[in-house]
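Trainee: Have a look at this one before I ask anything.
The values are calculated or read from the model by the stated rules, or taken from the named source; none is laboratory data. None of the values given here were measured: they were computed from a predicted structure. Don't worry about glycine lacking a Cβ; one is built from the backbone with ideal geometry, like all the others, and counts go over all protein chains shown. Remember, those area values only see protein heavy atoms, side chains included, never the ligands or the DNA or RNA. Shrake-Rupley method; radii C 1.70, N 1.55, O 1.52, S 1.80 Å.
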Amino acid sequence: HRMDSLVAIVDHLTSTPLSPPEVPALLRLLGTCSTPGCRLLLGDPPELPPTLKSPNPAAPWPRLTQLVGATPELGVVLAPDGSTVALGPLFAGLEVGLKQAMGSPIPTLDPPVDALYAVTLTEALATSFLVATEGNRTALGPDGCWDDRRDPQNYTLLGPPSLIPDAVANGAMDGVLLGTQLAQAPVPLAKLLRGYYGTAGGNQTGRLPSSYRRQRFGELTEPGKLQEEVAAVLRLLRGLPPTGVLLRDLGEEEVVAIASRAALAFTQLYIECPAIVPRCMWGAAPYRGTPALLSLPLGSVFVHHSLVPGRPCRSFAACARDMRRMQRFHQRTRRWDDLGYSFVVGSDGYLYEGRGWHWVGAHTKGYNTRGYGLAFVGNFTATKPDPDTLRLLRDHFLPCAIAASYLHPNYTLWGHRQLGATQCPGDALFQEISSWRGFQ
């Protein structure tokens with residue numbers, strides 16, 4: 001269930017005599033747009049054209065049915081950047097974008113809502129926070145893992161599901177970004193998807209456009225936009241079954257409060273904070289022994305570079321391989337229980353979970369219980385990481401660690417060399433972090 005398989009199916013479908021909006025609309029036959037607002041905006045799914053009815057399992061439509069049906073609660077695929085993307089919100093956004101580009105009618109509702117945001121994100125966000133408010137449930141997350149990175153078949157969530165697990169958030173943001181792009185400059189769907197997810201050239205060595213989804217969604221979605229659209233959808237859902245029952249006694253102040261809470265939580269988790277690739281996604285070996293708990297919040301951050309591997313990793317495949325390589329070295333050669341670092345910073349736009357938020361690491365001798373060890377993949381003696389990678393740690397990870405109460409607001413930041421006999425984290429990187437907040 002890889003993105004390149006999906007793109008190949010879309011390629012087949014678009015070679016049949018279908019109008020462009022009908023291709024993403026076909027996915028709605030599989031139940032990906034069953035919510036009241038989505039059905040109101042996009043209508044009933046089209047009839048399956050006779051040309052697509054085939055008993056051959058390798059034909060495009062049976063393959064698409066299998067792809068979505070294999071994970072019925074999400075309908076997800078693994079993208080080359082290592083992220084998991086839900087197809088429902090992605091294709092709903094593509095359909096709206098294509099309709100807008102072609103001048104096809106989309107119902108104007110009262111109260112008015114932005115159709116692109118409603119079918120991708122804001123109806124799900126409104127409903128998730130409404131249900132969470134009613135039943136004291138988590139409204140966002142969690143992430144999940146595939147059983148095999150090379151041949152992914154089964155996707156398992158890492159905790160109790162909300163209406164917006166990470167895969168749905170990714171699909172929603174991608175649906176908004178690509179739907180907006182289609183509305184402005186229509187291109188063939190398969191070409192659009194290949195360009196964005198990087199499925200065109202086999203093994204990818206550079207950072208992919210999809211790895212910028214959080215940054216670009218944040219740039220597109222101005223402050224207040226999410227809150228306005230969630231509130232608008234809540235007002236719309238008042239008059240629609242079955243959500244009308246939940247909303248019947250909800251006053252305007254409560255609508256605004258839920259919309260504010262939903263927009264703030266989504267912005268913090270999926271726009272301001274970086275994505276962290278869980279251990280099960282990069283192929284971590286089991287921890288040896290029993291990990292020791294940290295006492296949170298911690299007061300320090302210790303910055304490292306890997307030295308070996310010496311090159312920055314710029315793709316999920318390369319970073320995951322480097323993570324496994326470093327873990328093997330730490331466990332087999334140094335005889336540590338696990339990879340020593342708390343988190344590792346790739347140059348592919350993602351952080352990678354090592355010991356994580358809660359467990360004592362083996363990164364800065366004598367100080368492992370006092371702070372998190374953050375390592376950049378690469379040798380940064382002569383050159384420092386690229387600006388995007390530096391921002392990932394400085395401007396996103398550290399503020400989010402504080403907001404989540406993992407890190408003390410008045411934390412201290414150190415280069416490894418300040419606390420041990422080492423040149424780590426390299427001259428260039430050490431000079432860079434010496435200007436950062438909290439540096440000692």
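Trainee: Any residue that is in contact (Cβ under 8 Å) with a residue 60 or more places away in the chain, not assigned by the TED database to the domain that holds GLY415 and not hydrophobic (A, V, I, L, M, F, W, C) - is there at least one of those in region 286-300?
Mentor: No; the residues of region 286-300 include none that is in contact (Cβ under 8 Å) with a residue 60 or more places away in the chain, not assigned by the TED database to the domain that holds GLY415 and not hydrophobic (A, V, I, L, M, F, W, C).
Trainee: Just one of (1) touching a Lys or Arg at 6+ places or on another chain (Cβ under 9 Å); (2) aliphatic (A, V, I, L, M); (3) under 26 Å from LEU208 (Cα atoms) trips up LEU351, so point out which.
Mentor: (1)
Trainee: Can you list the helices (runs of 4 or more DSSP H) found entirely within region 16-118 that contain at least 2 residues being at pLDDT 95 or above and closer than 30 Å to GLY206 by Cα?
Mentor: Per the criteria, 87-102.
Trainee: Assess whether SER260 counts as being open to solvent by 10 Å² or more (accessible area, probe 1.4 Å), polar (S, T, N, Q), more than 30 Å from ASP338 (Cα to Cα) and not assigned by the TED database to the domain that holds TRP357.
Mentor: Here the answer is yes, as SER260 does meet what is asked.
Trainee: Same structure again: Looking at GLN181 and the list (1) in a helix (DSSP H, G or I); (2) at pLDDT below 95; (3) open to solvent by 30 Å² or more (accessible area, probe 1.4 Å), which single condition is not satisfied?
Mentor: Of (1) in a helix (DSSP H, G or I); (2) at pLDDT below 95; (3) open to solvent by 30 Å² or more (accessible area, probe 1.4 Å), only one is false for GLN181: (2).
Trainee: Also, quick follow-up: Cβ-Cβ under 8 Å, sequence separation 6+ or interchain: first residue in region 154-176 and over 21 Å from ILE271 (Cα atoms), partner in a helix (DSSP H, G or I). Which pairs?
Mentor: From region 154-176, the pairs are TYR155/ALA167.
Table: residues versus (1) in contact with a helix residue (DSSP H, G or I) (Cβ under 9 Å, 6 or more places away or on another chain); (2) open to solvent by less than 70 Å² (accessible area, probe 1.4 Å); (3) among the hydroxyl-bearing types (Ser, Thr, Tyr).
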residue	(1), (2), (3)
LEU13	yes, yes, no
THR16	yes, yes, yes
PRO36	yes, yes, no
PRO49	yes, yes, no
LEU52	yes, yes, no
ASN56	yes, no, no
TRP61	yes, yes, no
GLN66	no, no, no
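Trainee: If only one of GLN418, GLN431, GLN423, GLN440 is modelled with pLDDT under 95 and open to solvent by 30 Å² or more (accessible area, probe 1.4 Å), which one is it?
Mentor: GLN440
Trainee: Here's another thing I want to ask about it. Out of (1) of a type in the set (Asp, Glu); (2) open to solvent by 10 Å² or more (accessible area, probe 1.4 Å); (3) touching a Gly at 6+ places or on another chain (Cβ under 9 Å), what's the single condition that is false for ASP81?
Mentor: Unmet condition: (2).
Trainee: Sort out which residues of region 308-348 are under 24 Å from the mean Cα position of the chain (by Cα) and among the β-branched types (Val, Ile, Thr), and write them in order of number.
Mentor: VAL344, VAL345
Trainee: Can I ask one more? Please go through (1) among the small types (Gly, Ala, Ser); (2) modelled with pLDDT of 95 or more; (3) open to solvent by 20 Å² or more (accessible area, probe 1.4 Å) for SER210 and return the number of the only condition it doesn't satisfy.
Mentor: (3)
Trainee: Can you name every residue in region 214-254 that is aliphatic (A, V, I, L, M) and over 13 Å from GLU123 (Cα atoms)?
Mentor: Once the filter is applied, which keeps residues that are aliphatic (A, V, I, L, M) and over 13 Å from GLU123 (Cα atoms), region 214-254 yields LEU220, VAL245, LEU246, LEU247, LEU250.
Trainee: So which residues in region 350-396 are in contact with an Asp or Glu (Cβ under 7 Å, 6 or more places away or on another chain) and not basic (Lys, Arg)?
Mentor: Result: VAL377, THR381, LEU390, HIS396.
Trainee: Right, next: Residues that are open to solvent by 10 Å² or more (accessible area, probe 1.4 Å), of a type in the set (Asp, Glu) and either assigned by the TED database to the domain that holds GLY354 or modelled with pLDDT under 95 (or both): does region 225-241 have at least one?
Mentor: no
Trainee: Right, something else. Name the residue, out of THR156, THR133, THR120, that is of a type in the set (S, T, N, Q) and closer than 25 Å to LEU29 by Cβ.
Mentor: So the residue among THR156, THR133, THR120 that is of a type in the set (S, T, N, Q) and closer than 25 Å to LEU29 by Cβ is THR120.
Trainee: When you go through THR108, THR51, THR120, THR84 one by one, which is the residue that is under 28 Å from the mean Cα position of the chain (by Cα) and farther than 23 Å from ASP147 by Cα?
Mentor: One residue alone meets the criteria, THR120.
Trainee: Out of all the residues in region 353-389, which are touching a helix residue (DSSP H, G or I) at 6+ places or on another chain (Cβ under 9 Å), of a type in the set (A, V, I, L, M) and open to solvent by 10 Å² or more (accessible area, probe 1.4 Å)?
Mentor: ALA362, ALA382
Trainee: Taking into account only those residues within region 396-413 that are at negative phi and among the polar types (S, T, N, Q), which is surrounded by the fewest Cβ atoms within 10 Å (Cβ to Cβ)?
Mentor: Among those that are at negative phi and among the polar types (S, T, N, Q), it is ASN410.
Trainee: Considering each of TYR270, TYR287 in turn, give the residue that is among the hydroxyl-bearing types (Ser, Thr, Tyr) and in contact with an Asp or Glu (Cβ under 6 Å, 6 or more places away or on another chain).
Mentor: TYR287
Trainee: For region 279-318, give me each residue that is in contact with a strand residue (DSSP E or B) (Cβ under 6 Å, 6 or more places away or on another chain) and crowded, with 18+ Cβ neighbours inside 10 Å.
Mentor: Passing the criteria: ARG279, MET281, TRP282, LEU298, SER300, VAL301, PHE302, VAL303, HIS304, HIS305, SER306.
Trainee: Given LEU193, LEU130, LEU140, which one is closer than 26 Å to PRO274 by Cα, more than 21 Å from the chain's Cα centre (by Cα) and in contact (Cβ under 8 Å) with a residue 40 or more places away in the chain?
Mentor: LEU130
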